[in-house]
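Visitor: So that we are looking at the same thing, I have put the structure below in structure tokens.
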Amino acid sequence: MLRYFKNKFQSLIRKVLKEELNLLTNRLDNLKDDSFKILTSKLLLEEIKKKNINTIKDAEFKVFSQWGDDGIIQYLINNINIEKEIFIEFGVQDYTESNTRYLLMNNNWTGLIMDGSKSHIDFVKRDNIYWQYDLKAIQEFVTAENINMILEREGFTGEIGLYHIDIDGNDYWIWKATEVISPVIVIVEYQSLFGFERAITTPYRANFVRTKEHHSDLYYGASILALCDLAEDKGYHFIGCNSSGNNAYFVRKDKIGNLSVLSASEGYVNSKFKESKNPEGRLTYISGDSRLEVIKGMDVYNTRSQTIEKI
């Protein structure tokens with residue numbers, strides 16, 4: 001009888017703690033002051049360290065990331081031996097919402113960020129974080145042809161901790177072309193609408209801009225299988241996606257440790273966000289498989305057969 005009440009009490013405590021943590025996570029998103037956000041998030045970090053993490057989605061929480069990637073990244077850096085605390089991220093816009101800002105401010109990593117917009121980079125340079133931390137922000141439209149030159153010019157070569165590619169288009173091709181760095185963790189945005197059975201990506205065009213390629217804003221990126229194939233070629237294991245279904249995580253094979261290695265089908269997450277637009281640029285809120293119908297007939301490149309196919 002005593003054991004029964006003890007178990008019931010422990011179950012109740014866990015339920016209360018979970019409810020409090022969910023409430024805290026929601027409140028973090030509404031806090032204005034960055035320092036207070038980081039201070040409050042320490043409770044979430046401590047809870048993540050205690051949790052039994054079965055998939056990286058179990059570690060999610062949001063401070064500056066658009067989705068729950070801040071928690072995933074914290075979980076990984078606390079479970080992987082990373083010697084060079086350096087990150088590179090591009091496609092950051094004004095950097096107020098990004099996957100490495102928390103890494104910069106909470107863990108004091110060194111970073112290089114890039115965006116094609118001058119106004120966005122000027123905004124970053126006016127932010128206090130630009131003198132408070134070791135951050136370099138540059139305006140660049142990244143292509144497969146210039147990525148290595150940019151990294152070498154800015155002094156970012158060799159071993160780094162994390163490489164995040166999120167440019168809504170040539171993500172596959174940029175990672176394929178990257179040679180001068182050896183990241184421990186690689187995060188690449190994937191296009192979940194392409195599923196997990198076909199190894200496909202939008203064909204490479206150096207000037208690819210998602211908003212100009214198709215009015216829907218749905219024609220971009222690579223399938224999870226294409227990225228997993230590329231990861232294997234580059235010496236990385238796939239460890240899963242975030243629960244929102246837009247970011248895929250890879251860890252260099254020599255650093256994988258006890259992390260679970262997944263196949264494309266095992267780690268795939270289908271996105272549920274409704275970002276499609278009509279020709280006038282207004283959101284249409286199309287969901288599910290109907291989203292793929294909007295771009296049916298568009299060209300995709302099969303990375304296995306190296307041929308152009310249709311969606």
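Quick note: the coordinates plus some simple rules give every number you see, no bench work behind them. Since the structure is predicted, the reported quantities are computational estimates derived from the model, not experimental observations. Because the Cβ atoms are built from the backbone with ideal geometry, glycine has one as well, and the counts that use them run over all protein chains shown.
Visitor: So for the pair LEU39, GLU179, with labels modelled 7 Å out along Cα→Cβ, what separation do we get in nm?
Guide: 5.0 nm
Visitor: Which of SER98, GLY116, PRO203 sits closest to the plus end of the dipole of the chain, meaning its Cα is farthest towards the positive end, when Lys and Arg get +1 and Asp and Glu get -1 on the C-beta?
Guide: Toward the positive end, the furthest listed residue is SER98.
Visitor: To continue, here is another question. Quick one: if the Förster radius is 35 Å, what FRET efficiency do GLU266 and THR307 give, using the C-beta to C-beta distance and rounding to 0.05?
Guide: My answer for the efficiency is 0.85.
Visitor: In nanometres, what is the gap between the two model label sites at ARG205 and GLU275, each 7 Å from Cα along Cα-to-Cβ?
Guide: Taking the two extended label points, one gets 1.9 nm.
Visitor: Mind scanning LYS253/LYS274; LYS49/LYS125; LYS212/LYS272; LYS50/LYS255 and naming the pairs with a C-alpha gap bigger than 26 Å?
Guide: LYS253/LYS274; LYS49/LYS125
Visitor: Compute the label zone of PHE141 within segment 209-250: residues whose backbone N is under 12 Å from the point 7 Å along Cα-to-Cβ.
Guide: In segment 209-250, the label zone of PHE141 (backbone N under 12 Å from the point 7 Å along Cα→Cβ) covers 209-210, 212.
Visitor: For segment 65-310, what is the charge dipole size about the Cα centre, in debye to the nearest 20, if Lys and Arg each add +1 at the Cβ and Asp and Glu each add -1 at the Cβ?
Guide: Once rounded to the nearest 20, the dipole reads 320 debye.
Visitor: Label-point separation (nm) for GLU83 and ARG282, each offset 7 Å from Cα along Cα-to-Cβ?
Guide: Taking the simple label geometry, GLU83 and ARG282 are separated by 5.7 nm.
Visitor: Which value in deg cm²/dmol, rounded to the nearest 500, describes the helix-derived mean residue ellipticity at 222 nm for the chain, given -39,500 (n - 2.57) per DSSP H run of n ≥ 4 and division by the residue count?
Guide: About -10000 deg cm²/dmol.
Visitor: May I ask which residue of LEU162, SER276, ILE73 lies farthest towards the positive end of the charge dipole of the chain, with charges of +1 (Lys, Arg) and -1 (Asp, Glu) on Cβ and the Cα centre as origin?
Guide: Value computed over the given set: ILE73.
Visitor: Oh, and also: Taking only the alpha-carbon atoms of the chain, what semi-axes of the equivalent ellipsoid follow from 5 times the gyration tensor eigenvalues under a square root, in whole Å, largest first?
Guide: In descending order, the three semi-axes are 32, 24, 21 Å.
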